[in-house]
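Structure first, commentary second.
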Amino acid sequence: MTDPVPDIRTVILERDFAHGPEKLWRALTQPHLIEEWLMANNFAPAVGHKFRFTADWGGVDCKVREIEPNKTLSYTWDAYGLESTVTWTLTPIPSGTQLRMEQTGFRPDQDQAFHGAQAGWRNFFNQLGALLDRPD
């Protein structure tokens with residue numbers, strides 16, 4: 001017997017950063033820093049807060065679902081028919097912090113969005129790393 005093919009797909013990226021969780025948390029939750037590596041936004045770290053990411057191609061409507069400072073941040077990510085959830089998990093490691101990003105909710109018919117997210121998040125992680133490596 002084989003397992004059924006899952007209906008929903010997930011993009012997962014993990015990267016170790018040579019910075020403490022507090023520094024990553026600031027980059028994930030302070031609007032002016034988020035704008036430097038991700039997109040312009042009106043984010044506020046409060047459960048239930050509705051916010052929007054904007055770029056030259058359009059925007060993403062979001063709502064904060066979960067916040068545990070320096071550990072977990074989760075929000076909805078709704079754009080162009082994609083209704084997904086992005087969850088960030090910060091885990092202290094001896095060399096700094098492991099950051100895990102999981103975006104779940106891609107339907108089988110959303111192949112372009114799924115592959116676009118895989119490439120897009122890798123780029124965003126690179127931009128985040130450049131931001132984190134700058135002197136404070």
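Taking Val64, is it of a type in the set (A, V, I, L, M, F, W, C), over 21 Å from Asp7 (Cα atoms), without any contact (Cβ under 8 Å) to a residue 60 or more places away in the chain and loosely packed, with under 15 Cβ neighbours inside 10 Å? Before you say what the answer is, go through the steps one by one.
On the way: of a type in the set (A, V, I, L, M, F, W, C): yes; over 21 Å from Asp7 (Cα atoms): yes; without any contact (Cβ under 8 Å) to a residue 60 or more places away in the chain: yes; loosely packed, with under 15 Cβ neighbours inside 10 Å: no.
When the stated conditions are applied, Val64 does not pass them.
State all residues of region 101-117 that are loosely packed, with under 15 Cβ neighbours inside 10 Å and in contact (Cβ under 8 Å) with a residue 12 or more places away in the chain; if no residue qualifies, say none.
Scanning region 101-117 gives Thr104, Pro108.
Checking Gly129 against (1) over 16 Å from Arg15 (Cα atoms); (2) among the small types (Gly, Ala, Ser); (3) surrounded by 16 or more Cβ atoms within 10 Å (Cβ to Cβ), which single condition isn't satisfied?
(1)
Looking only at region 18-51, count every residue that is under 20 Å from Asn123 (Cα atoms) and either within 15 Å of the chain's Cα centre (by Cα) or at pLDDT below 95 (or both) and tell me the total. Step through it out loud before you land on a result.
Looking only at region 18-51, we keep the residues that are under 20 Å from Asn123 (Cα atoms), and these are 18-19, 23-41.
Among the residues that remain, those that are also either within 15 Å of the chain's Cα centre (by Cα) or at pLDDT below 95 (or both) are: 24-31, 33-41.
Final tally of qualifying residues: 17.
I'm checking my understanding of the structure. Among residues of region 78-100 that are touching a residue at least 24 places away in the same chain (Cβ under 8 Å) and not in a strand (DSSP E or B), which one is farthest from Ile8 (Cα to Cα)?
Ser95
All but one of (1) of a type outside the set (Val, Ile, Thr); (2) in a loop (DSSP other than H, G, I, E, B); (3) within 13 Å of the chain's Cα centre (by Cα) hold for Tyr75; which doesn't?
All conditions are met except number (2).
Among the residues of region 23-35, are any more than 20 Å from Thr10 (Cβ to Cβ), in contact (Cβ under 8 Å) with a residue 40 or more places away in the chain and basic (Lys, Arg)? Spell out how you get there, then give the answer.
Quick first cut of region 23-35, residues more than 20 Å from Thr10 (Cβ to Cβ) only: 23-27, 29-35.
This time we only want the ones that are in contact (Cβ under 8 Å) with a residue 40 or more places away in the chain, so: 23-25, 27, 29, 33.
Now drop any that are not basic (Lys, Arg), which leaves 23.
There is at least one residue in region 23-35 that is more than 20 Å from Thr10 (Cβ to Cβ), in contact (Cβ under 8 Å) with a residue 40 or more places away in the chain and basic (Lys, Arg).
Would you confirm whether or not region 39-59 contains a residue that is assigned to a helix (DSSP H, G or I) and either among the basic types (Lys, Arg) or exposed (fewer than 14 other Cβ atoms within 10 Å of the Cβ) (or both)? Even if it seems obvious, please write down each step before you answer.
Let us first name the residues in region 39-59 that are assigned to a helix (DSSP H, G or I), namely none.
No, every residue in region 39-59 fails to be assigned to a helix (DSSP H, G or I) and either among the basic types (Lys, Arg) or exposed (fewer than 14 other Cβ atoms within 10 Å of the Cβ) (or both).
Checking the structure you have, find out if any residue of region 11-30 is farther than 29 Å from Gln110 by Cα, part of a strand (DSSP E or B) and not charged (D, E, K, R).
Scanning region 11-30, I find at least one residue that is farther than 29 Å from Gln110 by Cα, part of a strand (DSSP E or B) and not charged (D, E, K, R), so the answer is yes.
Yes/no per residue for (1) surrounded by 12 or more Cβ atoms within 10 Å (Cβ to Cβ); (2) not basic (Lys, Arg):
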residue	(1), (2)
Ile8	no, yes
Arg15	yes, no
Ile34	yes, yes
Asp78	yes, yes
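The values are calculated or read from the model by the stated rules, or taken from the named source; none is laboratory data. Quantities reported herein were computed from a predicted structural model and do not represent experimental measurements. Backbone-built Cβ (ideal geometry, glycine too); neighbour counts: all protein chains shown.
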